[in-house]
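To keep things clear, I will list the structure first and then write my remarks on it.
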Amino acid sequence: MKYIVRPDYSTYHTYFFNPETGEPLRGVTHQGHRHGSAWTRGQAWGIYGSAMAYRYIKDKEYQEIFEKVTEYFLMHLPSDLIPYWDFDFDDGSTEPRDSSSAAIAACGMLEMARHMTGEKARYYEDMAKRLLLALRKNCAVTSKEQSNGLLLHGTYARKSDENPCADRGVDECNTWGDYYYLEGLVRIHRDWKSYW
């Protein structure tokens, strides 16, 4: 977390270390728009990962990191709460969305809310529910003719100047989006017994 999380609490997708000395070298992206941008699914992994780390280690620093990376995520959402594939894009963009990042982030918030009390717990639970409701309204598959998945508008990888890989899985269902959407729905209806 010391290197993946930037000073503004956005996250790098990938970070390189010297394999012989362990010295930190540089952060880059392989699926984000550019090396300095915040790839939305990477930011969501930061939310979920810091919540899971706190669950097992109970280090207050992980809770603080969770709060900061989550705030960055929430403050950069478009008005309909369905993230674009990178936070370089906002309302009015024609770039594709990544619904899976909202599902992952919602699950991370629900996880951390379990370890909090009072206003903070209610805040993160409420924000997670708002994300899941936005996903249901804007991205949920409503018929088998539409798709054999659960959650539309996911993006696996989008080509950009600093990410030369070909577009893959753009604006479609994906397994992790479906999984975390379902996990989020289960979490809001009953106690979630994690197997991670």
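Each reported figure results from applying straightforward, stated rules to the coordinates on display, with no laboratory input. Owing to the predicted nature of the structure, the values given are computational and were not obtained by experimental measurement. In this analysis, Cβ positions are derived from the backbone assuming ideal geometry, glycine residues included, and neighbour counts consider all displayed protein chains.
Points worth noting:
- Between the listed residues VAL5, ALA38, LEU110, the Cα displaced farthest toward the positive end of the dipole of the chain, a dipole computed from Cβ unit charges relative to the Cα centre, is found at LEU110.
- About its Cα centre, the dipole of the chain is roughly 660 debye, where the only charges are +1 on Lys and Arg Cβ and -1 on Asp and Glu Cβ.
- Classified by the C-alpha gyration tensor, the range 1-58 has an oblate form. Its axis ratio a/c, with a ≥ b ≥ c, is 1.5 or above, and a/b does not exceed b/c.
- Per-residue Cβ neighbour counts within 10 Å put MET1, MET127, MET112 in the sequence MET1, MET127, MET112, beginning with the fewest.
- Phi-based couplings in Hz for the range 116-130 (Karplus 6.51, -1.76, 1.60; Gly and Pro marked x): 10, 10, x, 4, 4, 4, 5, 4, 5, 5, 5, 5, 4, 5, 5
- Rounded if a/c under 1.5, otherwise prolate or oblate - the range 16-135, Cα gyration tensor axes: oblate
- Interchain or long-range residues, amide H under 5 Å from SER160's placed H: CYS165
- For the range 95-104, Karplus couplings with θ = phi - 60° (6.51, -1.76, 1.60), whole Hz, Gly/Pro x: 5, x, 8, 9, 4, 4, 5, 5, 5, 5
- Close amide H partners of VAL141, meaning residues 5 or more places away or on another chain with modelled amide H under 5 Å apart, are LEU151, LEU152.
- Amide H contacts under 5 Å for ASP98: TYR84, TRP85, restricted to partners 5 or more places along the chain or on a different chain, H placed in the peptide plane at 1.01 Å from N.
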